[in-house]
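In what follows, a single structure is set out as structure tokens and then discussed.
The values are calculated or read from the model by the stated rules, or taken from the named source; none is laboratory data. Owing to the predicted nature of the structure, the values given are computational and were not obtained by experimental measurement. Glycine gets a Cβ as well: all are built from the backbone with ideal geometry, and neighbour counts include every protein chain shown.
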Protein chains: 2
Amino acid sequence: MEQFGTVAILGVGLIGGSIGMALRSERLAARVVGVGRSLQTLRQAQERGAIDQATTDLDEGVRDAEVVVVCTPVDRIPRDVCRAAAIAPGGALIMDAGSTKRKIVESVEADPVGCGPFVGAHPIAGSERSGAAFARPTLFRGRACVLTPTPRTRPEPLERARDFWSKLGANVVEMSPAEHDEVLAYTSHLPHALAAALSLSVPPAWQLLAAGAFRDGTRVAAADTGLWTAIFRDNRGPLLKALSSFQDRVAALKYAVMTDDAEAIRKWWDEARQLRDLYDDRQAPRERDE
Amino acid sequence: MEQFGTVAILGVGLIGGSIGMALRSERLAARVVGVGRSLQTLRQAQERGAIDQATTDLDEGVRDAEVVVVCTPVDRIPRDVCRAAAIAPGGALIMDAGSTKRKIVESVEADPVGCGPFVGAHPIAGSERSGAAFARPTLFRGRACVLTPTPRTRPEPLERARDFWSKLGANVVEMSPAEHDEVLAYTSHLPHALAAALSLSVPPAWQLLAAGAFRDGTRVAAADTGLWTAIFRDNRGPLLKALSSFQDRVAALKYAVMTDDAEAIRKWWDEARQLRDLYDDRQAPRERDE
């Protein structure tokens, strides 16, 4: 077993904690070291079984690591990756788990040291809840994990990154950092923006008459402010494109409703319903696994 | 027990079926008669325990009813209510369960016969699934049910309507039909429209990389096309207002992202997050009941 030696996790929140729990429950690592800013938070992660050891000293945490996974907020990832690359042993694999990729990969590749052992990664799993308290070892099982190799990515760390996420149960998908950001702008950042916009649209006094559609449609608006501010800023261009495309769909409905065009409303809804049914059909095998 | 004598349910789908199951499981009715267009569908509802008897003949179904609940699509409700009022015994209570109220109540009140025994009702409970197969006796428990009395509503049927929904476990709320439609445009019709618009915005090939935010944000887009076309048409004015208000929120985010105004993005998200937290806190006791 113990295929990854010492694994260091920088930022032991929901994602980092779940990685640690998965590694430990499957005995995939000799040792999981958690690195964070607060020893108290790290102790909680340790009590939850997410890490074997805790340290607030990045250098100490990554010194013996064969694998480093940087799970800090997107605006801190490049710095943390480059620092870890400067300290970790030769041959180490360094990955991130950030929700955006283009800027992160560009920043890291601008650094000759950071670049060598780095593979950009984004496990598409999560929750509106933050913190290791919500981590679970099965978080990545059956979920996609996008790796974003570039011409500068070296084959050995890439191969080990594929192996790492596969062993955590994820389906590994590869694409360029720019393509990742374009797709995720639609499949994740847009839905988050809409959840927040919907939450803002309903006067508090009316929440008591909110239907399940409101509850589900706003769920992710409970997510962390700093995290999502950083993601929106980081992925500006694609997010603006996705928002515009969405606005066009809303405008089409408004026009159909304004002109009371029953056939247009019907077609609009029916296409949406069919796309949603398609998603459900594709999702079904994954849900059954849970 | 048996407080409501014979209850006729017109349209035994998710809502009508759940009413029947609740009445029967609590022994609140001497007999529950299901009225529908398809005998096969009614037989399924009967097998599921939602009704005691089935008929496709509206007149026969309501002839002995002390209470009639019209659960047909919003565009058919006024006609069904007036027909039931013409046939049901004197002193019967006739209610609907439609998602919109102003046009329905106006139509019914334009009919001297329909008007007498009628109380507009909207239990705020449901699902993207249709049909008695998804009905359950606890659907209304802890949920709001809006009654929309007008100056023409008579006190006895109103009092019986309050009693009826309370006995099904709902929290009865009263407001005018117009106020109901304005509130529900924001709390239900808007979230449904957004779910469909989001479903339309994501290219099918990218669905495989969709996060939980997409799954939850599009859930209700799986709902029935005819049902939602009718609701959107029926509640045009308030829906257009809600869509415009929502568009303003999206435009504010777009501007903040376009100008890379970190503080504006942060404030925008934070306000949304706080509103969502408020909703969650208010929801908590209800969720615990389930």
Name the pairs: first residue in the stretch A:126-154 and at pLDDT 95 or above, second residue surrounded by fewer than 17 Cβ atoms within 10 Å (Cβ to Cβ) and among the charged types (D, E, K, R), Cβ to Cβ under 6 Å, at least 6 apart or on different chains?
A:Leu147/A:Glu174
What's the number of the only condition in (1) in a helix (DSSP H, G or I); (2) touching a helix residue (DSSP H, G or I) at 6+ places or on another chain (Cβ under 9 Å) that A:Thr138 fails to meet?
(1)
For B:Thr187, all conditions in the list (1) more than 9 Å from chain A (Cβ to nearest Cβ); (2) among the hydroxyl-bearing types (Ser, Thr, Tyr); (3) part of a helix (DSSP H, G or I) hold save one; what is the number of the exception?
(1)
Considering only residues of the stretch A:210-259 that are within 8 Å of another protein chain (Cβ to nearest Cβ) and of a type in the set (Lys, Arg), which is farthest from B:Lys267 (Cα to Cα)?
A:Lys254
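Is it fair to say A:Ala97 is within 14 Å of chain B (Cβ to nearest Cβ) and not polar (S, T, N, Q)?
Taking the combined requirement at face value, the residue satisfies it.
Given A:Gln3, A:Gln44, A:Gln40, which one is over 26 Å from A:Trp228 (Cβ atoms) and either modelled with pLDDT of 95 or more or among the polar types (S, T, N, Q) (or both)?
The unique qualifying residue is A:Gln3.
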All but one of (1) farther than 30 Å from A:Thr100 by Cα; (2) without any contact (Cβ under 8 Å) to a residue 40 or more places away in the chain hold for B:Pro204; state the number of the condition that does not hold.
(1)
Kindly evaluate A:Ala230 against the criterion of being within 16 Å of the chain's Cα centre (by Cα), surrounded by 24 or more Cβ atoms within 10 Å (Cβ to Cβ) and touching a residue at least 40 places away in the same chain (Cβ under 8 Å).
no
Output the number of the condition that B:Phe118 fails; it satisfies all remaining conditions of (1) in contact with a Leu (Cβ under 9 Å, 6 or more places away or on another chain); (2) surrounded by 21 or more Cβ atoms within 10 Å (Cβ to Cβ); (3) at the interface with another protein chain (Cβ under 10 Å from one of its Cβ atoms); (4) not aliphatic (A, V, I, L, M).
(3)
Can you pull out every residue in the stretch A:81-115 that is surrounded by fewer than 23 Cβ atoms within 10 Å (Cβ to Cβ) and either among the acidic types (Asp, Glu) or without any contact (Cβ under 8 Å) to a residue 24 or more places away in the chain (or both)?
A:Gly90, A:Glu106, A:Glu109, A:Ala110, A:Asp111, A:Pro112
